[in-house]
Structure formats: C-alpha cells, structure tokens
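Asker: Quick one: the structure is below, questions incoming.
The values are calculated or read from the model by the stated rules, or taken from the named source; none is laboratory data. Keep in mind that what you see is a predicted model, and the values were worked out from it rather than measured. Every residue, glycine as well, gets a Cβ built from its backbone with ideal geometry; the counts of neighbours run over all protein chains shown. Heavy atoms of the whole protein, side chains included, go into the accessibility calculation; ligands, DNA and RNA do not. Shrake-Rupley method; radii C 1.70, N 1.55, O 1.52, S 1.80 Å.
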Amino acid sequence: MNEEEAIDLARKVLDEDRIIFTQQIGLDWTVPETSKVLEGEGRPLLAGEPTKVTSTSSLKSAKAAADDIIRAASEAGSGNLEQSRSTFGTDKGHVYSPILIKSVLELLCAEADFLVEKKLVHLLTPLEHDERLLMKLDSIFKAIGVETEEDINRLTEYFIVKGDESRDTHSLIHPNQVLKAIRLFVSEGASPNRVLTHKQTVEFDETAVERDSGNDANYWQRLAQILPKTHERKWDALLAGIQKYHNVLTQRSKLIEETDKLQNQNSELRMLLQQYIGSRVNQDLQIPPTHTIPTEMLRDYAIES
C-alpha cells in the first residue's frame, strides 16, 4: 500500500470517528492531535522533495474570501461597477472593491461554467443566486488553481481593463476574452519551484542528494495509529453496546414469531371449539356441553344454551 492510499484511509478513519462521536454517541468531536501526521508532520524527506514547508493556514481560503466579497457586494447594493478601491478592499486585503470583484466572479461563472459538473449545476438550481454563485466558484477555483484570497486579487487583474489611474476606475473585459484570461492566469501563475495545495505551500530543495529514512518506521506507525487510544475505547464500548442491542432485537424477533404462531393456533382452536359446540349432535345428549361451559364462553361464541 503506497503513501497516498494510507493517507486516504487515515482520513476516512477520522471521518468515521467524527460521525460516531456526533451521531452515535452524541459527543462533541475535535480533530485529534494524531491527525497532524496527515499535514506532513514527521514525514521523511525524499531527494529533491520539500525541505521547507510554509503553512498557509493563516491565509483565508478562496471560497471563504469569495463568500465575504459576495456578502459585501450585496450589502453595498447596486452601484457603479467601476468604482475605485474602497475602505473594505484596503482593510480586508482586497485590492479592488467588492462590487467589482463580484462582477469579475460572475463573469467567470458565466463564461467558464463548463468547468462545473452538469450534475452539480442541476443540484444547485433551487438555491439563491449568491449561494449558487459561490458553489460554482468553488468548483472553478479548484480547476484553475485559485486557492487563497491573494489568488482572487491576482485573477481580477486578468479580467479588468484599467481606466484612469487618477480616478481608479476600471471596466471588465469582453466575455469573449474570458477564456484567454483564464489561460494566461493559469500559465503565468504556475511556478516550477512551488507546489500549491489547499493546505500548504511547499518549496523544493534542489540541493538534496539523499533521503532521510531515519523516521520511516515512526511515520508509518503514526499513520497506522491515527485514531487515539481514548477514541478506540469509545469505539469498543459502542460496538459492545450495539452487539447487545442486536442480541435483544434478535430475541424479540424470535418471540414475535412464536407469538404469531400461538395466535394462529389459538384462532384455529377457537374455530374448532365453535364447530363442536354448535353441532346438532349435542342436542341428543342428556347433558350437552353447553350446560357445562361457562356462560361467558358461550356468549363469546354466540351459542344458545
């Protein structure tokens, strides 16, 4: 099993752990410390592979930044799409006004919707415009490599035609130029010395000549023990409780079957008894059975004594 498969399985274990805590046990779930190994902590370095890892956890993700932009633009209401930089842009890290950036994002969604799966487009139909826009942007961002708030600002540069710098007014490019802008953004944004993921920025060390295998065993052991011992004990307790519950349900199922059989037999016996009691042969007897059977039973069978 290679490393990618092992990490994928470890993530699935954590997902199951979260579901068990929140849905089965009813406890709050927090990401365990053992999950740090999934972020590359303790990973042995290969020759030519990353030696410097710069975390981008402090940077706002592209989806979160787009959500802020859409909200800010909606709150601002209808206005001049070519307005200059606002206080919002300066304070929040947006180079341009939220209304202008939202217009860029709407143009991107309109002309690059082929990057969104058709099934997703169908599922998004009932949503409001802004919610639908945000979900489409998430798919398009992943396709063209937009991962942070800074990437959105950089992408905006390719979608605007700068106007009078003294007035800081800008306009959008023609829709026919969108695909060209996307190609330029993707081609100029790629760097051979950087590998970007949604979790971290990794820089390669080209001077590395050999791999450090000293931590191999510890790294793989941490992957294998991604679930903390305290969580394992809760899993075991839950399994034991579910097994007991299953046994109780199995016994109840058997008892229900036996009860159904007894009810069927009882119905058959009642029918036979009714036939015997109502038979004309009883009239020739000196002491018919109806004289010895309690009145309540006769009433149940509607038989005259």
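Asker: Determine the order of Tyr245, Tyr219 by accessible area, beginning with the largest, at a probe radius of 1.4 Å.
Answerer: Result, largest first: Tyr245, Tyr219.
Asker: Under a plain spin-label model, where a point goes 7 Å from the Cα along Cα-to-Cβ, how far apart in nm are Glu39 and Tyr245?
Answerer: Placing both labels 7 Å beyond Cα along the Cβ direction yields 3.4 nm.
Asker: Once the whole set of protein chains is in place, how much accessible area is left on Val31, using a 1.4 Å probe, in Å² to the nearest 10?
Answerer: Its heavy atoms expose roughly 90 Å² to the probe.
Asker: Shifting gears a bit: For Gln286 and Asn266, FRET efficiency with R0 = 41 Å and r from the beta-carbon atoms, rounded to 0.05? It would help to have the intermediate numbers written out before the result.
Answerer: Working: r = 31 Å, r/R0 = 0.75.
The formula returns an efficiency of 0.85 here.
Asker: Also: Can you give the extra length, in nm with one decimal, that the chain gains between Tyr276 and Lys12 once fully stretched, where that is 0.36 nm per residue apart less the Cα-Cα distance?
Answerer: Contour length minus the Cα-Cα distance gives 88.2 nm.
Asker: Set the bar at 25 Å for Cα to Cα. Now go through Lys63/Lys234; Lys63/Lys119; Lys136/Lys180 and name every pair that lies beyond it.
Answerer: Listed pairs above 25 Å: Lys63/Lys234.
Asker: If you don't mind, there's one more thing I want to ask. Heavy atoms only, probe 1.4 angstrom, no DNA, RNA or ligands counted: give me Ser139, Ser187 ranked by accessible area, highest first. Intermediate results must be reported in sequence, preceding the final value.
Answerer: Details: Ser139 35, Ser187 75 Å².
Ranking Ser139, Ser187 by accessible area, largest first, yields Ser187, Ser139.
Asker: Something else: Heavy atoms only, 1.4 Å probe, whole protein assembly: order Arg18, Arg280, Arg233 by accessible area, highest first.
Answerer: The ranking, largest first, comes out as Arg280, Arg233, Arg18.
Asker: Give me the one-decimal nm value for the distance between modelled label points at Asn176 and Asp28, 7 Å along each residue's Cα-to-Cβ direction.
Answerer: Modelled inter-label distance: 5.8 nm.
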